[in-house]
Every structure is written in C-alpha cells, then in structure tokens.
Amino acid sequence: MSEIIEIFSLDFSGGFGLKDAFDLLFVTFVIYKLISLLEGKRAIQMIAGLFFLFVFYLLSGKIGLFTINWFLGEFLSSIIIIIVILFQGDIRKALTSIGRGSPFQKFFKHSDYKEKTVDEVVKAVNYLANRKIGAIIAIERSNSLLDYAESGIVVNTEVSAEILISIFNPGSPLHDGGVLIQTNKITSAGCFFPIDTNPDIPNHLGTRHRAAFGLSNETDATVVVVSEERGEISLVAQGKINPAIKINTLRNRLGILLKGTDKTEEKNHDISAK
C-alpha cells in the first residue's frame, strides 16, 4: 500500500525536468484511456467505490482509526488483483481494442469475401427472419476465430443459403449454436461464443445477441443475429449493434465490412448502438 501512497507524494524538489513531465503525462494518458474504455454504469460505480475506500483509508490513518486503517490497507494492497478480477471483461476488451489500432494490425491477414458469400448469407438470414427462426452467424475478419471453431462441429463447405437454413432449422442438432464463416467457407457449426454479461445490454436482447456482443468485443468478427421472438435481424460489430435492420441495409453493411474497404468508407457507415 505504501507504493500507492508514494505516487501521491512525489518529491520534485530536485527539479521537474522533461523526463518527469513525460513520465507524468504517460501515466495520466494510460489512466485516462483505461477509464474511457470502461463502459457502463457498473464499471463507473466500482471505480467510485474503490476511490472512496482509498480516501477513507487515508483519513482513517490521520484521525487514529488504526484497526480500520490496517484492514483497508491490507485490502487495498491487493488492489491490482482486485481490479483485474472486477474488470477482466473490460480489460480484455481494452487490450483487443488497442491491438486493433496498433501499427502491426496491417500485417495481419484480412479475409476478403466474395459478393456471392454475402448474397448467400443475406438470402439465408432473410428466409430465417421471415419464419422467426433464430440464428447467429459469425464472419471472421482479421482476428482468428479458430478457438471458437474448435468448440463446434467441422463443416468446411462453401457458403450457401440452403446449408445455413438447414443448420438453423429447429430440428437440426446444431441449431442452438453459432455458425462460423472463414474465408468464404462455412467452417464450423454448433459453436459456443462468449456471453456478454454487461447489465447495460437491453433486456429484450436474448442469449444470441449477448453472444454476438461477447464475440465482437473480443475479436473484430462481424456477427449477424436473427431473433426467433421478433423475427428481427441485427448486425453486431466492434461491440456495437445495429438492431432491426432491413435486408438491403444488411447487404450494404456486410459488403462494406467484409470486402476490405478503407477506413474512411467504413467510418461513414458506422454501426452504432441505439
């Protein structure tokens, strides 16, 4: 705990040089970025709670509440571990976000999808939505989805609307899982995707939508979801959802996201949460 106190009692009596300024600005920038990447009321409330405990720890030492001071000191001495446990999902998302924006990202393979692949996905999704058949289809971009592919059954076939429809047919043993499309092929079906437990996600969005959020938060995959309750189509990418979109809008968005378009074009068609 003493190390944390030292941060707030730095001695610059020897002068404040360029190195000190850089050191302070860098730490400030890192803290700012971490806070800005923590989304939702729950995360802010947790940060506020930890800050309150830290302030109370300092005050208890000043006014002689030694037992409370000792207890809080022991608790806060493990603050790094506590933060990692409390914010593991947000930290994972933040690191993924940093990785996407890194200068090394351009060296990673970006899958370019044929127009036929997009058309087959759209055709299947339209059929399923009209009949209120639930579905979740994840399409790989730069980040590998191999770990998730291994959780399902190997299919390894060309993308076709008929195969996608048969997979999500309620009588199919694979209909409850997700489908993975990698480089113009359906590689796996019945896959398990990470469920996002963020309480800020609207209650009317079900398990498939939460799985889409979970996968898009951890990777740059584009995920299409069909709601079996409402027959609505949603597109999830980069942790944001475009809900209840029309079929023509879906085709246009998929074309932009999957065909290696430049950043400016993609930015003009930003997928934002509503």
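The values are calculated or read from the model by the stated rules, or taken from the named source; none is laboratory data. Please read these numbers as outputs of a predicted model, since none were measured by experiment. Heads up, the Cβs are rebuilt from the backbone with ideal geometry, glycines too, and the neighbour counts pull from every protein chain shown.
With Ser216, Ser166 as the choices, which residue is surrounded by 19 or more Cβ atoms within 10 Å (Cβ to Cβ) and out of contact with any Pro (no Cβ under 7 Å at 6 or more places or on another chain)?
Ser216
Hey, can you tell me all the residues within region 232-258 that are within 18 Å of Arg141 (Cα to Cα) and more than 21 Å from the chain's Cα centre (by Cα)?
Arg251, Asn252, Gly255
Going residue by residue through region 162-184, is there one that turns out to be of a type outside the set (Ser, Thr, Tyr), touching an Asp or Glu at 6+ places or on another chain (Cβ under 6 Å) and modelled with pLDDT of 95 or more?
Checked against the condition, which is being of a type outside the set (Ser, Thr, Tyr), touching an Asp or Glu at 6+ places or on another chain (Cβ under 6 Å) and modelled with pLDDT of 95 or more, region 162-184 yields no hits at all.
Could you tell me whether Ala135 is at pLDDT 90 or above and within 23 Å of Gln238 (Cα to Cα)?
yes
Can you tell me which residue in region 178-211 is nearest to Glu232 (Cα to Cα), limited to those that are in a loop (DSSP other than H, G, I, E, B), without any contact (Cβ under 8 Å) to a residue 60 or more places away in the chain and among the β-branched types (Val, Ile, Thr)?
Filtering first and then ranking leaves Ile201.
Conditions: (1) at pLDDT 75 or above; (2) within 30 Å of Leu258 (Cα to Cα); (3) among the hydrophobic types (A, V, I, L, M, F, W, C); (4) surrounded by fewer than 16 Cβ atoms within 10 Å (Cβ to Cβ). Val84 meets all but one. Number of the miss?
(2)
Of the residues that make up region 23-38, is at least one of a type in the set (A, V, I, L, M), outside any helix (DSSP H, G or I), at pLDDT 75 or above and surrounded by 14 or more Cβ atoms within 10 Å (Cβ to Cβ)?
no
Out of region 152-168, which residues are of a type in the set (Gly, Ala, Ser) and out of contact with any Ser or Thr (no Cβ under 8 Å at 6 or more places or on another chain)?
Hits for region 152-168 are Ser160, Ala161.
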